[in-house]
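First the structure, in the form of structure tokens, and then the observations on it.
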Amino acid sequence: MEFIRFLRKESGRYGTRIAAVTLFAGIANAVIMAVILGAASTAANTQVNVQYLVMFVLALVALMVAKRYSLNHTTRLTEQIVERLRVRMSDKIRRSELLYFEKVGQVQFMTILTKETQMISNTASMTISAAASAVMLVASFAFVAWLSLPAFFLSLGAIALAVLAYRASLAQMNAQLHETVRVENKFFDLLNHILSGFKEVKIDSRKNRDLFDNYLVPVSREVRELKTRTNEQFVTKTLISHTAFYVLLATIIFLLPRMVQVDAAVVMKVTAVMLFIFGPLAEVVGIIPYIARAGVSIETIRNMEKSLDDEVARHPPADLTRNPAPLAFKEIVIDDLSFSYPSIDGTPGYTVGPLNAKIAAGEILFIMGGNGSGKSTFLKLLTGLYFPSSGKITVDGKPLLRTNVHRYRNMFSTIFTDFHLFDRLYGLEEVDRDQLAQLLEDFELTDKTAFVDGRFSELNLSTGQRKRLSLVIALLEKKEVLIFDEWAADQDPQFRKHFYEDILQDLKKQGKTVIAATHDDRYFHVADRVLKMEWGKFVS
């Protein structure tokens, strides 16, 4: 099975040791059964029973020690595997490009790194326990063979038929499990709309009702029906296997003595063995649904990891273990730059360009235009977050290439409209506490948040305050180029005036380059130049 192959591949020698101890635990369990049967047959002999008691205690201690070792170390091994998996995939995610990330979606990544990896973690310990039971079953059947070969072949045939029937139905259930994962991911995507768009959903009752009643509830119901149908199939097959076990017992008790010459004591011992192994057999059968579901999780993770590998391989490798020095520049030239968003059928979608512009170091450049005019897309192209479909960017006459894009990106501090506010000053090894305190005071945030123990104490701020805190962080980064995408849109009039007439002017005096997308035409006089965009192009 996929899950077993995955564990064997990822566990290495550590897993081999656990498997050996698990094998020992299964054998110890079988020894306990044999000791109990032997003691029962000599119950009248006190001296012999004392010997059996000692053997029982030793076997029980061995079983408990072996099980404790295997289960504890399986948990440790599984968490190591999950950690490696999460770190490995997180590393590939950070190496992928923005367009790919936007296409896959944050929900898909979060589901894989949380729900699917947790399924692997939960299944591993149960699998190890079931493996010990499987070893005990093998030893028990060997004991049955020693007692009576006809009983052994009869038992083996019945078990083999049940297993074959079970495996034959797994293909259909695997397809259903894949469908369940797909629909469940769809549910999480809809749930993300409610959580991320809470304000919009709260303010619009029609949107609220439509999203919930016509989309989330039906998809949730579909998930429930798929999971219920799958579980019912597993229950049916489990009941069939249990029924087969009872039929086997009846066959041994009622038919075996009539089929072959066998002693009544042997029938009793075989029956006792079968009753003894019912629990381990149920555990082995019961783990199969979990292993099948974990196998689907592994396949889902593997497909995503392959997709990430393909994405990363499309670009030159980046050494992210060091911090490349930002490119110094005097002039950035945008030359016939064009970009098209890919559509579902592979044809070019919304297109920006061709764009031509020059940006001088130290200037303040405003980009104006209506919603959908292409301002944000241009800023993503300018900062190297999108790669152009055609055209080029040159820095002091040298073309921007994929091989040096990381140094180029390090020139910029950005605050996009969909910015993320970090709780720590990641990447800043030394923080000027006095400057930070002064900025928080200047930006009227002193009574809203504080920098304590290396992190900001409060991020639950208004949108305008969150943007101010993002600007504080951007100023502490001391980058040469600052990109603002409608930064002032959520500020009150007083602070908006302070931003344009004081903060931007102070940045210009420091020699910083500022590029801001804005609608605030009353402050256009602050800029050295203003470029206007319409339908993805610069216009006069």
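Scan segment 369-385 and tell me whether some residue there is over 36 Å from the mean Cα position of the chain (by Cα), of a type outside the set (Val, Ile, Thr) and in a loop (DSSP other than H, G, I, E, B).
Within segment 369-385 (the criterion being over 36 Å from the mean Cα position of the chain (by Cα), of a type outside the set (Val, Ile, Thr) and in a loop (DSSP other than H, G, I, E, B)), the answer is yes, since at least one residue qualifies.
Out of everything in segment 267-326 that is without any contact (Cβ under 8 Å) to a residue 60 or more places away in the chain and within 17 Å of the chain's Cα centre (by Cα), what residue ends up being nearest to Val405 (Cα to Cα)? Only one residue fits best here, namely Lys306. In this structure, does Leu482 turn out to be under 23 Å from Arg433 (Cα atoms) and modelled with pLDDT of 90 or more? When the stated conditions are applied, Leu482 passes them. Among the residues of segment 505-534, those identified as more than 19 Å from Ile332 (Cα to Cα) and β-branched (Val, Ile, Thr) are Thr518, Val526.
Any residue that is surrounded by fewer than 19 Cβ atoms within 10 Å (Cβ to Cβ), within 22 Å of Phe109 (Cβ to Cβ) and of a type outside the set (D, E, K, R) - is there at least one of those in segment 346-369? Within segment 346-369, none of the residues are surrounded by fewer than 19 Cβ atoms within 10 Å (Cβ to Cβ), within 22 Å of Phe109 (Cβ to Cβ) and of a type outside the set (D, E, K, R).
From Thr228, Thr236, grab the single residue that is modelled with pLDDT under 75 and exposed (fewer than 14 other Cβ atoms within 10 Å of the Cβ).
Details: Thr228 fails: modelled with pLDDT under 75.
Testing whether each residue is modelled with pLDDT under 75 and exposed (fewer than 14 other Cβ atoms within 10 Å of the Cβ) leaves just Thr236.
Only one entry of Glu305, Glu299, Glu283 meets the criterion of being in contact with a Ser or Thr (Cβ under 7 Å, 6 or more places away or on another chain), within 30 Å of Ser125 (Cα to Cα), surrounded by 14 or more Cβ atoms within 10 Å (Cβ to Cβ) and assigned by TED's automatic domain parsing to the domain that holds Ser90, and that entry is Glu283. A count restricted to segment 343-368 and to residues that are touching a residue at least 12 places away in the same chain (Cβ under 8 Å), in a loop (DSSP other than H, G, I, E, B) and on the phi < 0 side of the Ramachandran plot stands at 2.
Being out of contact with any His (no Cβ under 6 Å at 6 or more places or on another chain), closer than 26 Å to Gln106 by Cα and not in a loop (DSSP other than H, G, I, E, B) narrows it down to one of Phe484, Phe419, so name that one.
Numbers: Phe419 fails: not in a loop (DSSP other than H, G, I, E, B).
Criteria check complete, one pass: Phe484.
What tally of residues in segment 383-404 results from selecting those that are buried (at least 16 other Cβ atoms within 10 Å of the Cβ) and free of Cβ contacts under 8 Å to residues at least 60 places away in the same chain? Result for segment 383-404: 5. Only residues that are more than 21 Å from Lys330 (Cα to Cα) and buried (at least 18 other Cβ atoms within 10 Å of the Cβ) were counted across segment 370-382, and they come to 5.
The residues listed here are Phe422, Phe443; of these, the one that is surrounded by 15 or more Cβ atoms within 10 Å (Cβ to Cβ), of a type outside the set (S, T, N, Q) and in the same structural domain as Val472 (by TED's automatic domain parsing) is Phe443. May I ask you to verify whether Val201 is modelled with pLDDT of 70 or more, touching a helix residue (DSSP H, G or I) at 6+ places or on another chain (Cβ under 8 Å) and assigned by TED's automatic domain parsing to the domain that holds Val267? No. Do the conditions hold for Asn410, that is, is it at negative phi, of a type in the set (S, T, N, Q) and touching a residue at least 60 places away in the same chain (Cβ under 8 Å)? Against the criterion (at negative phi, of a type in the set (S, T, N, Q) and touching a residue at least 60 places away in the same chain (Cβ under 8 Å)), Asn410 qualifies.
Considering only helices (runs of 4 or more DSSP H) fully contained in segment 1-109, which possess at least 1 residues that are over 30 Å from Arg314 (Cβ atoms), more than 16 Å from the chain's Cα centre (by Cα) and touching a residue at least 12 places away in the same chain (Cβ under 8 Å)? Outline the logic, then answer.
Numbers: elements: 2-41, 46-95, 98-104.
Here the list reads 2-41, 46-95.
The values are calculated or read from the model by the stated rules, or taken from the named source; none is laboratory data. The model shown is predicted, which means the values in this text are computed figures rather than measured ones. Every residue, glycine as well, gets a Cβ built from its backbone with ideal geometry; the counts of neighbours run over all protein chains shown.
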